[in-house]
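Reading through the structure tokens given below for one structure.
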Amino acid sequence: MSEKPFLLVFGTSADPFHEGHEALIIESVKALAKIGRQVQKVLIMPVFRHNNLKDDIKQFLPLSYEDRLAICELAAAEIEDSLKDLNLPVQVSRLEQQLALESHKANFTAETMQALRESTDESLELAFLIGSDPFAGEDPSFSHWHRLDLLLETSTLIICPRKGFSPNNAYLQSLKAQGGRFILLNNLNIPEISSSEIRARVENGEDPASLAHEGLISQAIADYISTQNLAARWRELDSSQSDDYIHRKPGATASLEAKIGTLLFQQKLNLATAESCTGGLISHRIVQVPGLQNISWGALFLTLTKPR
């Protein structure tokens, strides 16, 4: 039986999406074609709310979502044009936004791919495009991903090289033993470009057109950055001091309610309280923690009456 064509998914929180990302998708599609694996469609998936508690900047992803999505749409048109000989549609999806708004929580890759599997024709095989860095080291970070079993069940991993990160082959073999499917694309030559550096240069007053001239971003994306005055928005976000405690690993001196909030966020759990003697004090303390508006919770207040 012939192998199913791929729906190739590329999730990204990049701000901005740059020429390195475009090259990664284009070269991956071409490399897969060379080994006989057809990509029928590419889906770029901007992250709406991140679950990485260690990255303060990514706490603000919802605030930049519409601009990031618009830039991804510009990039999608450029990628599609570069792959026009393959007649390959390249689209941008709001699925991560929809899932996060429905649950009021960050969504994880496994959940996104499961939702995509449920809405995608069975004639297509889901493929998740990912760099080699989560598979590197003695304890690869990929092994700690949420619902890894579900992700391996729904998706084939397309692993691309990243400078300085060699995949742990023993770990990859252990994934294979678990039923995981992956393809290593070892020979891609993708330019090393940093979204953070692009952003910093624009924030410092550099004309985005000069970055396009260097080949870091496309001219269409440079024009968008200029016309939408993203430099000012980026400065505002990057200079903000977040008090959204639940996205950070609480220190030893953190309050009990802050620690509870972090655990609820990490484990994607809801909270309900049933209070009488406390008069609602527990729920009051919990909701005073900044960031807990993203946690679903409920309270039941019980009234005690004096026996007659």
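For E96, indicate whether it is within 16 Å of P46 (Cβ to Cβ) and either of a type in the set (D, E) or not assigned by TED's automatic domain parsing to the domain that holds D15 (or both).
So E96 fits the description; yes.
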Cβ-Cβ under 6 Å, sequence separation 6+ or interchain: first residue in segment 148-159 and assigned by TED's automatic domain parsing to the domain that holds F135 and small (G, A, S), partner in a helix (DSSP H, G or I) and surrounded by 18 or more Cβ atoms within 10 Å (Cβ to Cβ). Which pairs? S155/M113
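Per-residue answers, yes or no, for (1) farther than 30 Å from K163 by Cα; (2) at pLDDT 85 or above; (3) among the basic types (K, R):
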{"residue": "G205", "(1), (2), (3)": "no, yes, no"}
{"residue": "D223", "(1), (2), (3)": "no, yes, no"}
{"residue": "S239", "(1), (2), (3)": "no, no, no"}
{"residue": "L264", "(1), (2), (3)": "yes, no, no"}
Residue ranges of helices (runs of 4 or more DSSP H) in segment 1-113 with at least 2 members surrounded by fewer than 18 Cβ atoms within 10 Å (Cβ to Cβ) and basic (K, R): 19-34
Residue check, H146 against (1) closer than 18 Å to I190 by Cα; (2) modelled with pLDDT under 95, all met but one. Which one? (1)
Is it true that some residue in segment 274-285 is part of a loop (DSSP other than H, G, I, E, B), touching a Leu at 6+ places or on another chain (Cβ under 9 Å) and modelled with pLDDT of 65 or more? yes
For residues that are free of Cβ contacts under 8 Å to residues at least 60 places away in the same chain and not in a helix (DSSP H, G or I), scanning just segment 208-242, find the one that is farthest from the chain's Cα centre (by Cα). E214
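The values are calculated or read from the model by the stated rules, or taken from the named source; none is laboratory data. Every value quoted in this text rests on a predicted model; they were computed, and no experiment measured them. Heads up, the Cβs are rebuilt from the backbone with ideal geometry, glycines too, and the neighbour counts pull from every protein chain shown.
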